[in-house]
Amino acid sequence: MPASSFAVVVPALNEAEGIESCLRSIGKGVRETLVVDGGSTDETVARAKTVEGVRVLEAPRGRGLQLQLGARATSAPRLLFLHADCRLPAGWAEAAASALEKPGTALVCFRLHTEPSQTESGILARAWLRLLDLRSFGVGLPYGDQAFAVRREVFEEVGGFPPIPLMEDVVFARNCRRRGRIRRLKPEVRTTGRRFESRPLRARICTATFPLLFRLGVSPETLARWYRDIR
């Protein structure tokens with residue numbers, strides 16, 4: 001089974017509200033699921049441990065560091081990196097495994113579907129969130145919330161994730177693209193729109209401009225200070 005070749009790594013920081021639904025979306029049959037906690041002060045760790053088959057590790061805060069530690073803690077031949085506020089689509093393992101076997105493929109990711117965190121959100125709010133998801137269809141490099149699947153040998157060749165506070169996903173995707181093709185799959189990872197709902201204009205500006213600013217030489221530390229709420 002394709003799922004049995006995957007280890008799923010989930011970096012987490014104060015994600016008690018959604019960590020269980022994230023982990024349950026992974027399904028059964030994966031070789032290993034690792035939650036790498038960056039020092040949560042809520043019930044993230046306790047709730048993660050209620051999900052069967054989950055191993056919880058502790059790491060210094062920083063998603064790049066957490067992702068790297070999780071990958072090093074398993075010997076699985078395929079890795080999938082999943083944000084703690086995201087949920088995988090049904091059949092993800094078969095789709096990702098098949099895409100990874102295509103010649104020239106270095107990285108696989110999914111399309112994104114951002115859902116309102118408030119059930120009473122109006123039509124305009126929902127439409128706005130769906131508009132933001134257009135980036136996942138292939139404009140520029142993918143972000144980590146699209147879930148990254150990669151073969152172990154490619155992960156090792158590109159050096160994994162850098163230990164930086166922000167943009168670790170962009171660096172990783174860029175390095176993978178130098179190694180081969182990035183394939184975006186049609187199934188959608190579902191995520192919450194909480195960051196856009198609490199400060200919609202600021203979040204949209206950050207999403208639209210940070211990759212360019214990073215390429216122009218603005219440090220990840222500076223971008224992290226501007227972004228503020230990093231998990």
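What follows draws every value from the coordinates through simple rules; no lab data is involved. All of these numbers come straight from a predicted model, not from anything done at the bench. When we count neighbours, we look across all protein chains shown, and the Cβ atoms used for this are built from the backbone with ideal geometry, even at glycine.
Assorted remarks:
- Net charge over other residues, Cβ less than 13 angstrom from the Cβ of residue 102 (K, R count +1; D, E count -1): +3
- Ratio of the Cα radius of gyration of the range 2-227 to 2.2 N^0.38 Å, where N counts its residues: 0.96
- Peptide ranges 9-19, 98-108, 214-224 listed from the most packed, as the mean C-beta count within 10 angstrom indicates: 9-19, 98-108, 214-224
- Residues with amide H under 5 Å from that of residue 78, placed H, sequence gap 5 or more: 7, 152
- The string of couplings for the range 74-79 from the Karplus curve (6.51, -1.76, 1.60, θ = phi - 60°) is 9, 10, 4, x, 10, 10 Hz, one whole number per residue in order, with x for Gly and Pro.
- Legend: calculated FRET efficiency, residue 24 to residue 212, from the Cβ-Cβ distance at R0 = 41 Å, rounded to 0.05, equals 0.65.
- Annotation: amide H of residue 40 within the under-5 Å range of 14, sequence separation 5 or more or interchain, hydrogens built in the peptide plane.
- The Cβ shell under 14 Å around residue 80 holds other residues with a net charge of +2, Lys and Arg each +1, Asp and Glu each -1.
- Nearby lysines by direct alpha-carbon distance to residue 102 (threshold 19 angstrom, same-chain neighbours under 8 apart not counted): 186
- Length-normalised contact order for the range 2-227 - Cα pairs under 8 Å, 6+ apart - percent: 22
- Under a 5 Å amide H cut-off, with hydrogens placed 1.01 Å from N, residue 33 pairs with 8, 55 among residues at least 5 apart or on other chains.
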